[in-house]
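Everything on this sheet refers to the single structure shown next.
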Amino acid sequence: MNTEAAAVDQLPLIDQEHTLLESLVPLPPGTGLVEAGCGNARLLRQLMQQHPGLRCAALEVDRIQLARNLTEPAPPGLQFIEAGAAAMPLADGWADGVLMLKSLHHVPLHELDAALDEVARVLRPGGWFYVSEPIYDGALNELIRLFNDEGVVRAEAQAALDRALARGRFCAVSEHRFAQAVAYPDFDSFEQRMMRPSFADHRLTPELIAAVRQRFEPHCGPQGARFVRPMHVRLLRRC
């Protein structure tokens, strides 16, 4: 049974996740942040805009996404690094906070424990670890699982966090569940964004694409297709 299942319509809707993070942790000038699996680093850029003086390291293993990041102007204090969570090229205690946003479940299963040990290593004592993961539930999840079923890897990510807590690497601070609105103007947009990411090959076939399209189309209206994605945040501190 999926212990992460949630009644999506009962969750508070948060459009911008940085507002939740800002309500949970202090971000004074000079704060050192690491985002592991940064993607396009959108949330990190938002934080830097709202809180001048942050020093940030954005780690990404997808070379295509990394190249895109390097072609865009970066705010002062932001550096992009080609690295994964299991081997961060940062000094011990470099960070006041580490973020993993929908990325922990992408860490190879055999590297999960090592990755969380690395997070603890780069955090200063008392530093915080913000982990935001999709809950395996909802209409969007039912679509995505047709071509990319993440039920196992998402459960393993949560289990790895539990093991890290049991090992004394972190102390639990709080947990938060909320919903995010997600919209796609049409199926072509959904296919490009979700079915053809630069970091994964979902082994698409014409038959599979047609099956996903058939399930997608009933969600479309004049404003495109709109979904609500349930999310689970765990805030930890380095003990």
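The values are calculated or read from the model by the stated rules, or taken from the named source; none is laboratory data. Computed from a prediction, not measured in an experiment: that's the story for all the values here. Using ideal geometry, Cβ is built from the backbone for each residue, glycine included, and neighbour counts are taken over all protein chains shown.
Close Cβ contacts (under 9 Å, 6 or more residues apart or on different chains) running from residues in segment 185-209 that are on the phi > 0 side of the Ramachandran plot to residues that are in a loop (DSSP other than H, G, I, E, B) and among the polar types (S, T, N, Q) are absent. Within segment 153-180, the set of residues being surrounded by 11 or more Cβ atoms within 10 Å (Cβ to Cβ), touching a Lys or Arg at 6+ places or on another chain (Cβ under 9 Å) and within 15 Å of GLU133 (Cα to Cα) comprises GLN158, LEU161, GLU175, HIS176, ALA179, GLN180. Of the helices (runs of 4 or more DSSP H) lying entirely inside segment 1-112, those containing at least 3 residues that are closer than 26 Å to HIS202 by Cβ are 63-71. Only one entry in GLY126, GLY93, GLY97 is closer than 21 Å to GLY32 by Cα, surrounded by 16 or more Cβ atoms within 10 Å (Cβ to Cβ) and modelled with pLDDT of 95 or more, namely GLY97.
Here PHE147 meets each of (1) without any contact (Cβ under 8 Å) to a residue 60 or more places away in the chain; (2) under 30 Å from ILE209 (Cβ atoms) with one exception, condition (1). Checking ARG68, ARG55 one by one, the residue that is surrounded by 13 or more Cβ atoms within 10 Å (Cβ to Cβ) and more than 25 Å from VAL153 (Cβ to Cβ) is ARG55 and no other.
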